[in-house]
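Step one of this worksheet: look at the structure below.
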Amino acid sequence: MLEWEVLLVDIHQLFQEWPKQTMNLLSQCTECLHCFKHQSSDVNPRAEIIENILMALLNLGEFAHVASLEQFQQKWPFLEFLSLIGKCCIDLAELKESSSSYRELWQAGNDFFVK
């Protein structure tokens with residue numbers, strides 16, 4: 001758990017010192033997400049850490065990692081919005097003309113911020 005807290009500090013530092021070497025941080029983020037996805041241990045990263053990892057991955061252009069967490073939406077509500085952002089970024093990167101994920105993102109944003 002302490003390593004994940006250090007990872008959160010590293011993510012905040014990344015945003016303040018952008019752009020520097022990010023490969024180590026990227027590997028730490030994906031490793032933590034792997035633990036989150038499989039939850040094979042008794043100790044799992046807390047929501048704030050996962051949320052900041054996903055925002056860091058979006059900023060690093062690692063959209064597929066963020067979009068792949070769709071199955072955890074029931075337990076972690078913020079994942080729906082972030083995974084939709086990841087899907088939209090993938091769509092934009094592939095230059096698709098239209099996609100239902102844009103409408104889903106808009107609706108999720110409205111649902112989230114209206115509450």
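The values are calculated or read from the model by the stated rules, or taken from the named source; none is laboratory data. Predicted model, so just to flag it, every value in this text is computed and none were measured. Reconstructed Cβ throughout: ideal geometry from the backbone, glycine too, with neighbour counts over all protein chains shown.
The residue that is modelled with the highest pLDDT, counting only those in the stretch 92-101 that are out of contact with any helix residue (DSSP H, G or I) (no Cβ under 6 Å at 6 or more places or on another chain) and part of a helix (DSSP H, G or I), is 92.
Taking each residue of the stretch 19-31 that is hydroxyl-bearing (Ser, Thr, Tyr) and looking for partners that are modelled with pLDDT of 80 or more with beta-carbon atoms closer than 9 Å, six or more apart or interchain, yields 22/56; 22/60; 30/53; 30/57; 30/62; 30/65.
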